[in-house]
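See structure below.
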Amino acid sequence: MSYIAGRRVVLGVCGGIAAYKAVELTRLLTGAGAHVSPIMTPGAQRFLGQTTLSALASEPVQTSLWDESSPIPHTRLGQNADVIVVAPATAKIIGKLANGISDDLLSATLLATRAPVVLAPAMHTEMWEHPAVRLNVKRLDDWGFHRVGPDEGRLAGGGDSGVGRMAEPAAIAAAVQSLFADLLSDDLAPSRELAGRRILVTAGGTREPIDPVRFIGNASSGKMGYEVACEAARRGASVVLVSTVDRAVPGELSNIDVVRVDTADQMHRAVAEVFGAVDVAVMAAAVADFKVSNAASEKIKKAGGPPNIVLEPTVDILAELGRTKTTQIVVGFAAETHSLLDNARGKLVQKNADLIVANDVSAPNVGFHYDTNQVTLVDASGDVDLPLMSKQRTAAAIWDRIEILLARRSAATGRST
Ligand code: PMT
């Protein structure tokens with residue numbers, strides 16, 4: 001299903017090597033039925049020919065505020081847009097937008113619109129990390145601009161690699177789809193289906209110390225777990241979020257209590273403390289399967305040669321919840337790189353979970369650290385494949401499924417929902 005069929009998308013392309021990806025993005029957006037009006041900045045025209053984009057878009061590329069056939073192209077484009085996507089969004093356009101500067105067609109159009117704006121930043125890591133850029137990005141984030149990426153990976157120039165690579169066109173198209181899916185659904189005024197429910201969510205990756213300064217960890221950013229927690233809170237639940245990371249929770253969601261932990265053992269204790277009092281536990285965290293049994297109390301010195309690190313298993317928290325649950329719904333995730341559904345079904349049974357959210361973390365834009373995810377919901381009644389979409393939207397779909405499980409359980413036990 002396409003949520004953007006018939007939508008008017010203004011696609012702003014700025015000057016950066018990632019401009020070539022705008023071609024694929026245009027193809028994906030028009031392929032999904034959107035009407036795409038491209039704008040190229042002067043910088044973009046150094047990287048990409050107008051003819052290529054014009055041929056794939058729904059209208060010819062526009063480049064100038066002073067196009068004689070249309071005296072005020074920026075107001076026409078800005079007012080008529082259902083969404084404006086800027087990909088790649090350079091430090092320059094981000095700076096202009098954050099500071100109200102409009103000196104070309106794209107920056108003027110961005111100021112002349114009330115449509116949502118999706119930015120896909122792309123720049124070198126040093127630029128992305130510069131305090132001026134950080135400030136501008138934070139300002140736009142705070143104002144509610146939508147952002148996809150940047151990702152970490154290969155950058156232009158001499159084999160450089162780091163944060164700053166533009167998100168893949170599929171992820172940007174998915175973010176635009178999600179935006180309209182969210183607008184169409186009642187997410188803006190979410191159901192209160194979970195009012196009166198107590199929910200436990202875990203988020204982030206655990207860190208198992210090797211010595212006071214080193215640890216064994218993983219790439220979980222906590223985004224997925226936070227979105228699951230925030231969606232439950234929006235639906236009215238009281239949420240305990242056991243997390244290894246500090247992320248912002250929207251100010252209006254005062255019904256989330258964050259418990260900060262680092263290690264698998266700490267997560268285990270925090271979860272065990274509240275599990276008996278909750279209706280649902282969702283284990284989105286990436287928990288280490290092993291911890292270091294001979295962690296050093298002082299920093300290990302290089303001069304002593306490679307340390308002999310001895311590992312022992314951690315408690316499988318999800319499996320323990322599955323063993324000890326009474327009326328709770330227990331939900332786990334499965335992060336797999338192969339045999340996704342077989343492994344997820346195995347976890348459903350072995351950990352006695354009620355639902356497994358399976359993600360193939362080897363697929364592009366899926367799983368660790370991305371803003372998007374693509375999951376299959378696996379439970380006793382079968383599998384539900386969800387498309388690649390924002391983690392917020394994924395969290396909403398997970399709660400839609402859990403609400404069905406809660407309703408079934410209430411019907412079976414005679415408890416009112
Ligand atoms: O945080 P993000 O950057 O947004 O990334 C999201 C994610 C990839 C971390 C998330 O979508 C996800 O897949 N989380 C589960 C990661 C994981 O540890 O998967 P697993 O297949 O190894 O574990 C299966 C389940 O058992 C998980 O629910 C896990 O929380 C749980 N587990 C695992 C080990 C352990 N010792 N105790 C556990 O409870």
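The values are calculated or read from the model by the stated rules, or taken from the named source; none is laboratory data. What you see is a predicted model, and the numbers here were worked out from it, not measured in a lab. Every residue, glycine as well, gets a Cβ built from its backbone with ideal geometry; the counts of neighbours run over all protein chains shown. What goes into the accessible areas is simple: the full protein's heavy atoms, side chains included, and nothing from ligands, DNA or RNA. Shrake-Rupley method; radii C 1.70, N 1.55, O 1.52, S 1.80 Å.
For the stretch 44-145, chymotrypsin sites (Phe, Trp or Tyr not before Pro) are listed when DSSP marks them as loop and at most 16 other Cβ atoms sit within 10 Å of their Cβ; the list is W66. Solvent-accessible surface of the chain, averaged per residue with a 1.4 angstrom probe and all protein chains in place: 46 square angstrom. Among residues other than G217 with Cβ under 11 Å from its Cβ, the summed charge is 0 (Lys and Arg +1, Asp and Glu -1). Pair-distance distribution P(r) for the stretch 8-187, from all Cα-Cα distances in 5 Å bins starting at 0: 1, 9, 18, 23, 22, 15, 8, 3, 1, 0 percent. Surface composition of the chain: carbon and sulfur atoms hold 52% of the protein heavy-atom accessible area at a 1.4 Å probe.
Taking only alpha carbon atoms, the stretch 198-413 gives an Rg to Rh ratio of 0.99, where Rh is the Kirkwood radius. Rounded to the nearest 10 degrees, the angle from helix 223-234 to the longest Cα principal axis of the chain is 80 degrees. Packing, as the average of other Cβ atoms within 10 Å across residues, places the peptides 224-234, 307-317 in the order 224-234, 307-317, highest first.
Taking K and R as +1 and D and E as -1, what net charge do the other residues with C-beta under 13 Å from the C-beta of L135 add up to? With Lys, Arg at +1 and Asp, Glu at -1, the net is 0. Dividing the summed helix terms, -39500 (n - 2.57) for each DSSP H run of n ≥ 4, by the number of residues in the chain produces a 222 nm estimate of -10500 deg cm²/dmol to the nearest 500. Note on Q45/A303: beta-carbon distance plugged into 1/(1 + (r/R0)^6) with R0 of 51 Å gives a FRET efficiency of 0.35.
Taking the longest Cα principal axis of the chain as reference, the axis of helix 131-143 is set at about 80 degrees.
The long axis of helix 169-184 is offset from the longest Cα principal axis of the chain by roughly 80 degrees. Label zone (E24, point 7 Å along Cα-to-C-beta; backbone nitrogen cut-off 16 Å) within the stretch 77-92: 87-89. Between H130, H268, H146, the GNM of the chain built on Cα springs shorter than 10 angstrom shows H130 fluctuating the most. Pairs of Lys residues in the chain, spaced 8 or more positions apart or belonging to different chains, with C-alpha separations under 19 angstrom: 8 in total.
For the stretch 332-376, the share of alpha carbon pairs falling in successive 10 Å distance bins from zero is 33, 51, 16 percent. Net charge of the neighbourhood of K96, taken over other residues with C-beta under 11 Å away and scored Lys/Arg +1, Asp/Glu -1, is -1. The H on the amide N of G153, modeled in the peptide plane, is under 5 Å from the matching H of G162, V163, G164, R165, each at least 5 residues off or on a different chain.
Peptides 237-245, 360-368: what's the order by average Cβ count within 10 Å, highest mean first?
The packing order, highest mean first, is 237-245, 360-368.
Two-decimal Rg/Rh of the chain from alpha-carbon positions, Kirkwood Rh?
That ratio equals 1.02.
Roughly how many nanometres apart are two label points built 7 Å out from the Cα toward the Cβ at D383 and D160? The two pseudo-label positions are separated by 4.2 nm.
For the stretch 343-351, backbone phi angles converted through the Karplus equation (6.51, -1.76, 1.60; θ = phi - 60°) give residue-by-residue couplings of 5, 5, 5, x, 5, 4, 7, 5, 9 Hz, Gly and Pro being listed as x. Note on F290 and Q79: the model spin-label points, each 7 Å out from Cα along the C-beta direction, lie 6.5 nm apart.
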